[in-house]
1. Could you name every one of the helices (runs of 4 or more DSSP H) located completely within region 41-110 that has at least 2 residues being within 15 Å of ligand 2 (Cβ to nearest atom), within 19 Å of residue 136 (Cα to Cα) and touching a residue at least 60 places away in the same chain (Cβ under 8 Å)?
2. Look through 247, 205 and report the one residue that is in a helix (DSSP H, G or I), in contact with a helix residue (DSSP H, G or I) (Cβ under 6 Å, 6 or more places away or on another chain) and away from ligand 2 (no atom under 16 Å from the Cβ).
3. Output the residue which, of all residues in region 163-197 that are buried (at least 23 other Cβ atoms within 10 Å of the Cβ) and within 13 Å of ligand 1 (Cβ to nearest atom), is farthest from residue 56 (Cα to Cα).
4. For region 423-453, how many residues meet the condition of being surrounded by 14 or more Cβ atoms within 10 Å (Cβ to Cβ) and either in contact with a helix residue (DSSP H, G or I) (Cβ under 6 Å, 6 or more places away or on another chain) or at pLDDT 85 or above (or both)?
5. For region 312-361, which positions are in a helix (DSSP H, G or I) and farther than 19 Å from residue 224 by Cα?
6. Which one of 551, 582, 573 is outside any helix (DSSP H, G or I) and in the same structural domain as residue 621 (by TED's automatic domain parsing)?
7. Among the residues of region 106-120, are any within 16 Å of ligand 1 (Cβ to nearest atom), farther than 26 Å from residue 174 by Cα and either modelled with pLDDT under 90 or surrounded by fewer than 18 Cβ atoms within 10 Å (Cβ to Cβ) (or both)?
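The values are calculated or read from the model by the stated rules, or taken from the named source; none is laboratory data. For clarity, every value in this text was computed on a predicted model and none was experimentally measured. Glycine gets a Cβ as well: all are built from the backbone with ideal geometry, and neighbour counts include every protein chain shown.
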Ligand code: ADP
Ligand code: MG
C-alpha cells in the first residue's frame, strides 16, 4: 500500500475509526516506527496492540497473515529497557527476522537447535550481559531447566509468543512444547506478555488465555476485512458442472483477464483441472503446482507464474507460501476447502495490490464426504488399534505382513489399517522389519492396547476439532448471510463495515443471492409461514428430500411428488402462493438457520430439528425474518435458460455523467490525501449508488448503500460539497 503523509489528524474528534485507515500517531511510537523501520503509518490494529503492550496489559493479537504482527513486539522491544523474548516455532522464519533486524542495526539473535552448544552459550552470555534487545527462542528450549534459569537471570521487558495457536489442541498446529509456556510465564513473571496468531476461533483463544495463564488479557482482532475481494460460492452438480463454470469464469467472467490461482484439494485433481484449463486457455497460460512434483519442476512453475509468463496456476494449498504476486485478480476453489482459515488465507492471495479481485468457490456435497474420509483416515480409531494389536500379538514373534493382518481382521480388514499401524509403530509398541516387511509387536508389551500409553484422547480431540471446522466451512457456503460478515464473525472481529464490500449473498445481480435476511423477530405473518413450512417437513417424516417436500408444500403435481404419498398429507399445498422454488428457498433457509437438517447418505433427506419442533409448536420464535425476495418464484426467463451462470459483477456507470466524474475525482483526491487505494474510500458499486442517489444531506448520505456514519464523519461533508457543484 502506498504510504503518504497522513492527514487523518484532521478528522473531527470522536470520529468513528475507519477500518482501513489508521488514526494519526504523531508521537514517540510513530517516530520510532519511522526511525527503525522506515514506515510512516501503522497498519490496522498495530497501534492498539502496541499501546496495550506498552501499558503492561497482557495482550492477544489476532491478525491475518501479513498484517504485521511481528512489529507489535519488535517496536516495543526497541523502546523498552531490557530484552524481549520471542517464542517462535519456525527456525527458518526466526532466522529471517533476526537477519533483517540485524541488518537494521538492532541487537537481535536466536537460540535454537540449528546452533552448536557453543553458539547457544554465546547468545546466552550476551543475554546475561544485557547486550540483546530481542532474542528469538524455539519452544523446545524450554524443556531444559538451565535455559529457563538463564532467562530468569536476564532482565525481560516483554515475553512474546508468536503463532500462539500452537498452544491449543483445537488449533491446526498443536505443539506439545507450547504447553510448557504457561509455567515459564509464571516462573519468569515478565512485566509484559503478548501472544500473536493469525487464526483463533473462540476455543483456540480460550486455550491461549488458559495455557498462558492470562485470564485478563485483552484480545485484539483486527484486519480481517478485505474490502476489495468479491466472495462467491456456488453449489455445483458435479465435476462437469464445475468445469463448465470454471471455463465461463476464466474465459468470459470476472476471471477472464489477469492472474488467477485455481486451488484443488489433491494432486490428482490438480492434474485434472490443470489439463482442463490448458484446453480452455492453451498450454502456455497455465502451470500446475503440487507437492508430488520435483523441486525443480515446482520452482519452474512458480517462476513462470511469478514472472507473468503463465496467467493461471492450478495448485494444491502448498502453493502460495512464497508466492507474492500482487496482481492476482481471481482465486477459484474447485473443491470445498477444509477450514474457513484455509479458505480465507487462500482467497487472501488475491488483490494484494488493493485492486478488486473475485474469489469463486465451486463445491459439491460430496466434497465434505471426501474431507470426512480423509480426516477419519488420519486419526486412528481406538477400537481399530485394539483389534490390530490383538492380531499382532496372536501372530507371535515372527509378526505378520500388513495384508496378512488385514485378512486376519476380517471383511473390513483394510479399513483404517494403515493409520492404526502407524499409531502402533509411533508408540514404539510395534516395528516393521524392512526386509520381510513383517510387522511385529515388541516383546514384553502389555496385552491391552489401551495400556500402551497412546494419547487417544488428544487424537480424538483433534479429529473432532477438524470435523467441527469442516462443519463451519460447510455452513459458510450454505449460509444465506453476507459472506464478509460471516468471515468476520468467524474470526471474532467486531467491526461493522459500511455495507457489504461485495459478495454473492448481497449482490442482487448474482443468481441465487439471498439479500436482505434480517436478524430480528419475524412478524406474525412470517412466523406463521415458517411454522407452516416446518409442519410440512415434520409431516414428511424424514422420508423425502428438500425439493420433494417443497413440491408437496407448494401443492405440485409434478413427477416425484404427485405420484407419491406426499399428496395425501394434510400439509399438501399449504404454501401454494410461494411456488416450489420459493418454498425450496425458504426450506433451505430453515436448514441454514438450524430449524431443519439434511441427513447425510446417498439420498439426502430433509427432517425437522429439535429447535424446529419448538418453533413449529409455537414455543419458540426464530431470530430472523425471511427476505421477501427469497420466497418469490424466480421469473420464468431466468428459470428456463440453459447454462445459467453468475453474471460478472461489472458496475455500469455512465462515465460521461458529470456526477460520476465528480465522484471519481473526489475519490482519487481523498485516496491520495489519505495514502490509501481508491477503493478504500468507496468502491465502484458504492460510486454507482451515490451517483444514483445524488445525496444532498447527511441523512441522504448515510442512507446510500455502501456509505454510513463512519464514512460520513471521515469525508461526508466534503463529498456533499463536491457534489453540490454538479447536481
Ligand atoms: P504477520 O506476522 O502478521 O504475518 P509480518 O510481521 O511478517 O506479518 O509482516 C508482514 C510485512 O508487513 C513485513 O514485510 C513487514 O515489514 C510489513 N509491515 C509491518 N508493519 C508495517 C507497517 N506499519 N507499514 C508497512 N509495512 C509493514
Ligand atoms: Mg508472523
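1. 70-79
2. Every option except 247 fails the conditions.
3. 165
4. Of the residues in that region, 13 qualify.
5. Start the filter on region 312-361 by keeping residues that are in a helix (DSSP H, G or I), which leaves 340-347.
None - no residue of region 312-361 is in a helix (DSSP H, G or I) and farther than 19 Å from residue 224 by Cα, so the list stays empty.
6. Numbers: 551 fails: outside any helix (DSSP H, G or I); 582 fails: outside any helix (DSSP H, G or I).
From the options 551, 582, 573, the qualifying one is 573.
7. Yes, region 106-120 contains a residue that is within 16 Å of ligand 1 (Cβ to nearest atom), farther than 26 Å from residue 174 by Cα and either modelled with pLDDT under 90 or surrounded by fewer than 18 Cβ atoms within 10 Å (Cβ to Cβ) (or both).
So that you can scan it fast, the table gives a plain yes or no per residue for (1) over 20 Å from residue 243 (Cβ atoms); (2) over 21 Å from the mean Cα position of the chain (by Cα); (3) free of Cβ contacts under 8 Å to residues at least 40 places away in the same chain; (4) surrounded by 15 or more Cβ atoms within 10 Å (Cβ to Cβ):
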{"residue": "307", "(1), (2), (3), (4)": "yes, yes, yes, no"}
{"residue": "359", "(1), (2), (3), (4)": "no, no, no, yes"}
{"residue": "381", "(1), (2), (3), (4)": "yes, yes, yes, yes"}
{"residue": "395", "(1), (2), (3), (4)": "yes, yes, no, yes"}
